[in-house]
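Only one structure is covered here, and it is reproduced in the block below.
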Amino acid sequence: MTLPANEKPPEKNIFETILARRSVRAYAPDELDRNTVQTLLEAAVRAPTAIHEEPWAFVVVQNRQVLKQLSDRAKPLLIERLHRSHQTGGHVLDTFSNPDFNIFHDAGTLIVICAKPSGPFVEADCWLAAENLMLAACAIGLGSCVIGSSVAALNTSEVKAKLGIPAEFNAVAPIIVGVPSGETATTSRKEPLILAWKQ
Ligand SMILES: Cc1cc2nc3c(=O)[nH]c(=O)nc-3n(C[C@H](O)[C@H](O)[C@H](O)COP(=O)(O)O)c2cc1C
């Protein structure tokens, strides 16, 4: 995807970008090109990282058939988890039971931020990289969404082997990215809960 100059999103400062980011769950069929994905990865690796370990590693999946298969692999695991935790009353079970539901919302690109499980801050580093990536995506007019519901499937040995995630790495933060097919409404937030402010 390379946006023509007249379709480029208006530039936003960082605060405007933070406010403009949404979890996008509807995508146009456009594919992202390698340069765009590289730009997002460059933003990801600029995140702060405990003891400068830079533990992150990336797996990019740009094959809709593979993503559909992965979604179909993930849904039974999610249903099993709902049953185990006796959460079978809500609409979530219906959604995951729907054969047409794609947990990746039909996006064409999944970026999985992975790391070797070593040390207490590895996952924190990956999530900071994830937010950098999503803000960068928003800044260049792309939508993104964390797909936490894919983590269990991504960490099965058969999916790791299929996607090329080495056994010693764990999938931490899976993020879909693509061209939004329309506007996404903003979600509400509670006021910051300030527990103490000592002066
Ligand atoms: C750790 C994590 C896991 C998430 N997993 C999913 C998911 O599996 N599917 C999905 O559609 N959205 C997922 N989301 C997106 C949240 O639903 C979304 O961030 C939240 O509703 C707030 O909306 P906003 O991001 O548009 O502000 C996840 C977000 C986080 C931080």
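Looking at ALA139, ALA124 in this structure, which one is farther than 21 Å from GLN38 by Cβ, aliphatic (A, V, I, L, M) and over 11 Å from the mean Cα position of the chain (by Cα)? That would be ALA124, the only listed residue that is farther than 21 Å from GLN38 by Cβ, aliphatic (A, V, I, L, M) and over 11 Å from the mean Cα position of the chain (by Cα).
Here ALA107 does not fit the description of being of a type in the set (Gly, Ala, Ser), under 17 Å from LEU32 (Cβ atoms) and more than 15 Å from the ligand (Cβ to nearest atom). Residues of region 141-184 that are in a helix (DSSP H, G or I), within 11 Å of the ligand (Cβ to nearest atom), without any contact (Cβ under 8 Å) to a residue 60 or more places away in the chain and among the hydrophobic types (A, V, I, L, M, F, W, C): VAL151 alone. The conditions of being in contact (Cβ under 8 Å) with a residue 12 or more places away in the chain and either open to solvent by 20 Å² or more (accessible area, probe 1.4 Å) or not polar (S, T, N, Q) (or both) are not met by ILE194. Against the definition (crowded, with 19+ Cβ neighbours inside 10 Å and within 14 Å of the ligand (Cβ to nearest atom)), how does SER188 come out, yes or no? Spelling it out, it is not the case that SER188 is crowded, with 19+ Cβ neighbours inside 10 Å and within 14 Å of the ligand (Cβ to nearest atom).
For (1) within 22 Å of GLU158 (Cα to Cα); (2) over 17 Å from the mean Cα position of the chain (by Cα), each residue gets a yes or a no:
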| position | (1), (2) |
| --- | --- |
| ALA50 | no, yes |
| GLU54 | no, yes |
| LYS68 | yes, no |
| ARG73 | yes, yes |
| LEU77 | yes, yes |
| SER85 | no, yes |
| HIS91 | no, yes |
| PRO99 | yes, yes |
| ALA107 | no, no |
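The values are calculated or read from the model by the stated rules, or taken from the named source; none is laboratory data. Since the model is a prediction, treat every value here as computed from it, not as a measurement. For neighbour counting, all protein chains shown are included, and Cβ atoms are generated from backbone atoms with ideal geometry for every residue, glycine included. These area figures cover heavy atoms from the full protein model, side chains too; ligands, DNA and RNA do not enter into them. Shrake-Rupley method; radii C 1.70, N 1.55, O 1.52, S 1.80 Å.
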